[in-house]
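Every number here is computed from the coordinates shown, using simple stated rules; none is lab data. Computed from a predicted model, the values in this text were never measured in an experiment. Neighbour counts run over all protein chains shown; Cβ positions are idealised from the backbone, glycine included.
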Amino acid sequence: MGLDRSLVGVPSEPQLRSWDSKDALLYAVGVGAGLGSPLEELEFTTENCEGIEQKVLPTFGVLIAQPRAGRSLGDFNRAMLVHAEQFFELHRPLPVTGTVRTVSTVTGIYDKGSGALVVSENVATDAGTGEPLVTARSGTFIRGEGGFGGPRGAGPPWERPDREPDLRVVLRTRPEQALIYRLSGDRNPLHVDPKFAARGGFSQPILHGLCTYGVTGRALLHALCGSDPARFRSMSGRFSHPVLPGESLTVSMWRQRGSDTAAFQTTREDGVVVIDRGLFQGG
């Protein structure tokens, strides 16, 4: 059967998703908050420290905007599916607890030759007020599903600035990082099961792309927003290579003069770029 291309442009039924303080704390630890310095980032990793109010990491918004029950995209080998790109925009800071109503729409299925790129947009609104909270767009690449003659699609232009980064932050991950991150909802066996990972062509389970994205988001938050989530508006990036749990990540940032925008790249210890074409916007 392959991919169901009739899904393009058809909104899903609205789905409700709720979270609480514990979910936000677990996510923060899952993307490395407090690693090596447990007394730092306490506003994101604890809820009962004197004089510290709990806050939510901005990248948690990507999870909030994901429906609990994903839509079936068709019949294909799930081991050949990888997260390719991710964008999200916060319309206001995330509350510690809440419920959203999310509608998901496949906006395009593109023929990349060696595979297909499925692009979706999720709009999450406050279930009580109807006000927008998160808009997220993601791309999923499915190897072996290309060659159907569809449009190739094209992303927005992006060039790495021709100068040294204005800021560079190095953050560690744990060898067991995927075991923690998966508890926030992504139970894909690609990240824990050696046999499943081998079927996808990987020598061992790899770190969730959105975990790498969350680690990167922490670097942007602390370096560009003074650790204040209210100053974090949007973030986008393309996943270009896998990360193994336990590797350190370097986030290089180039401020765009006269604006709250910055370009960024995330690299592994060996210098390979793992998140490319990064763009951050503050507010």
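Along the range 20-30, what does the Karplus equation 6.51 cos²θ - 1.76 cosθ + 1.60 (θ = phi - 60°) give for ³J(HN,Hα), rounded to whole Hz, x for Gly and Pro?
Coupling constants for the range 20-30: 9, 4, 4, 4, 5, 5, 4, 4, 4, 5, x Hz.
Set Lys and Arg Cβ to +1 and Asp and Glu Cβ to -1, take the dipole of the range 13-282 about its Cα centre, and tell me which of LEU63, CYS225, VAL106 lies farthest positive.
VAL106
Obtain the nm distance between the two label points defined at ARG68 and ALA198 by a simple spin-label model: each point lies 7 Å from its Cα along the Cα-to-C-beta direction.
Label at ARG68, label at ALA198, 3.6 nm between them.
To the nearest 20 debye, what charge dipole does the chain have about its Cα centre, counting +1 at the Cβ of each Lys and Arg and -1 at the Cβ of each Asp and Glu?
Dipole size: approximately 640 debye.
What is the spin-label model distance, in nm, from LEU183 to SER18 if the labels are put 7 Å beyond Cα along the C-beta direction?
Calculated label separation equals 2.1 nm.
As a test of the formula, what do you get for the chain when each DSSP H run with n ≥ 4 contributes -39,500 (n - 2.57) and the sum is divided by the residue count, at 222 nm and rounded to the nearest 500 deg cm²/dmol?
-4500 deg cm²/dmol
Of [x] 49, 46, 36; [y] 57, 47, 43; [z] 60, 39, 36, which is the value of Cα extents along the principal axes in Å derived from the coordinates here?
Looking at Cα extents along the principal axes in Å for this model, the match is [y].
Report Rg(Cα)/(2.2 N^0.38 Å) for the range 41-111, keeping two decimals.
1.51
What whole-number distance in Å separates the alpha-carbon centres of the range 93-163 and the range 222-283?
Distance between centres, Cα-based: 18 Å.
Rank the residues ARG152, ARG277 as a footprinting-exposure proxy: fewest other Cβ atoms within 10 Å of their Cβ go first.
Result, fewest neighbours first: ARG152, ARG277.
Going toward the positive end of the dipole of the range 1-136, with +1 on Lys and Arg Cβ and -1 on Asp and Glu Cβ, which of LEU133, THR46, PRO14 do you reach last?
PRO14
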